[in-house]
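Shown next, in structure tokens, is the structure this report addresses.
The values are calculated or read from the model by the stated rules, or taken from the named source; none is laboratory data. Source: prediction; values computed, not measured. Neighbour counts are summed over all protein chains in view; Cβ atoms, including those assigned to glycine, are modelled from backbone coordinates with ideal geometry. For the accessible areas, the whole protein counts, side chains as well, though only heavy atoms, and no ligand, DNA or RNA atoms are used. Shrake-Rupley method; radii C 1.70, N 1.55, O 1.52, S 1.80 Å.
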Amino acid sequence: MAASSSSSSSLAVVVVVAAVALVAGGGAAVAQLCEEYYDCTCPDAYDIVRRVLIDAHRSDARIFASLIRLHFHDCFVQGCDASLLLDSVPGMPSEKTSPPNNNSARGFPVVDDVKAALEDACPGVVSCADILALAAEISVELSGGPGWGVLLGRLDGKTSDFNGSLNLPAPTDNLTVLRQKFAALNLNDVDLVALSGGHTFGRVQCQFVTDRLYNFSNTGRPDPTMDAAYRSFLSQRCPPNGPPAALNDLDPTTPDTFDNHYYTNIEVNRGFLQSDQELKSAPEATGTTAPIVDRFATSQAAFFRSFAQSMINMGNLSPVTDPSLGEVRTNCRRVN
């Protein structure tokens with residue numbers, strides 16, 4: 001990803017988290033996620049993942065943002081178990097093919113490359129679920145964002161949940177629905193606002209903003225919360241009958257840098273997605289998410305600290321640790 005001319009220096013935020021005891025399956029097996037999980041069995045795992053991602057970025061400026069999104073979409077559906085990575089098989093359609101992911105979620109070949117490199121170095125050791133967690137942290141750090149201690153030790157699940165992926169947070173969700181979806185996973189308003197900050201880099205298709213530009217809430221009019229100048233700019237980029245898959249920067253100010261400009265954009269009604277602007281402009285935001293947006297817009301350090309902790313919180317969603325329920329896949333696209 002090309003560095004933006006206005007990018008700020010990277011702030012390394014190290015979040016120290018004690019290993020957390022996690023109960024898997026029916027409570028019969030207890031295992032711990034910890035930062036040191038591969039220190040003896042695959043000590044170079046982090047460096048291997050980092051090297052593959054740097055190589056991939058040379059030919060794909062979007063890959064860092066794409067990889068963090070894969071971790072998000074994986075964890076929000078039956079936990080952080082790499083179920084998103086499984087290809088369809090008879091009787092089990094892939095989460096990749098569901099409407100929220102199809103022709104949208106990307107970066108799977110890079111995950112394959114990471115897995116192949118790890119299998120060469122440490123056969124059968126590093127899970128695909130942990131690859132997604134590591135890739136997300138490395139992608140953020142390489143883009144100028146915070147680092148955090150990634151808790152490791154997840155196993156890969158053996159099933160894909162197509163129906164569950166239909167309930168992923170959507171770009172057209174209002175704030176009430178977003179808060180409900182996060183609360184259902186024991187994630188709070190700070191987690192919602194901080195994790196939404198992942199939209200501070202990367203690209204998005206025109207189809208996800210056309211309703212806001214031309215027919216908001218089926219009124220035949222634009223979204224009144226969108227800044228007029230920004231709406232005019234996006235209307236040129238995304239005309240009414242233009243290609244729906246045309247790409248735009250989520251953050252027009254520093255599109256390839258992980259910073260707090262996502263929030264400063266929302267403050268002036270320049271959020272690209274409805275779900276972004278809702279965090280500040282929805283009536284319900286007063287007293288809930290809006291003050292958090294204000295704090296992150298004012299302090300990048302506060303955003304970085306909260307984002308790192310929220311990524312750890314999300315990474316702890318129902319990890320598979322019971323060997324009777326999970327495995328370390330040799331190929332992330334299929335069960336062993």
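Miscellaneous remarks
- Modelled FRET efficiency - R0 22 Å, Asp60 with Thr253, Cβ distances, 0.05 increments: 0.50
- Across the chain: Cys residues that no other cysteine approaches within a C-beta distance under 4.7 Å: Cys34, Cys40
- Peptide packing for 139-150, 235-246, 191-202, 164-175 was compared via the average number of neighbouring C-beta atoms within 10 Å per residue; ordered from the highest value, the list is 191-202, 139-150, 164-175, 235-246.
- Label zone of Asp294 (point 7 Å out along Cα→Cβ, amide N under 20 Å): in segment 235-276 this covers 260-271, 276.
- For the chain, with all protein chains in place and a probe radius of 1.4 Å, 52% of the accessible heavy-atom surface sits on carbon or sulfur.
- Among (i) 35, 23, 18; (ii) 39, 25, 17; (iii) 32, 21, 20, the entry derived from the coordinates for semi-axes √(5λ) of the Cα gyration tensor in Å: (iii)
- With θ taken as phi - 60° and the Karplus curve 6.51 cos²θ - 1.76 cosθ + 1.60 applied, the whole-hertz 3J(HN,Hα) list for segment 246-256 is 4, 9, 9, 6, 5, 10, x, 7, 9, x, 10 Hz, x standing for glycine and proline.
- Between Ser235 and Arg334, the distance separating the two model label sites (each 7 Å from Cα on the Cα→Cβ line) works out to 5.2 nm.
- Here the Karplus curve 6.51 cos²θ - 1.76 cosθ + 1.60, taken at θ = phi - 60°, turns the phi angles of segment 114-124 into couplings of 4, 4, 4, 5, 5, 5, 5, 7, 9, x, x Hz, with x standing for Gly and Pro.
- Candidates Pro243, Pro323, Tyr262 compared by Cα position along the dipole of segment 181-336: farthest toward the positive end lies Pro243, with charges placed on Cβ.
- Debye, to nearest 20: dipole size of the chain, +1 on Lys, Arg Cβ, -1 on Asp, Glu Cβ: 780 debye
- Solvent-accessible area per residue, Å², over the chain with all protein chains present [probe radius 1.4 Å]: 42 Å²
- Length-normalised contact order for the chain - Cα pairs under 8 Å, 6+ apart - percent: 27 percent
- Computed over segment 117-258: relative contact order in percent, which uses C-alpha pairs under 8 Å that are six or more apart: 24 percent
- Helix content alone sets the calculated 222 nm mean residue ellipticity of the chain: runs of n ≥ 4 DSSP H residues at -39500 (n - 2.57) each, divided across all residues, give -11500 deg cm²/dmol.
- Amide H to amide H, with H built 1.01 Å from N, Glu35 comes under 5 Å of Leu152, counting only residues 5 or more places away or on other chains.
- Relative contact order of segment 124-163, taken over Cα pairs closer than 8 Å and 6 or more residues apart, is 49 percent.
- Each listed q (0.12, 0.14 Å⁻¹) maps to a log10 I(q)/I(0) for segment 178-336 from the Debye sum over equal C-alpha point scatterers, namely -0.61, -0.78.
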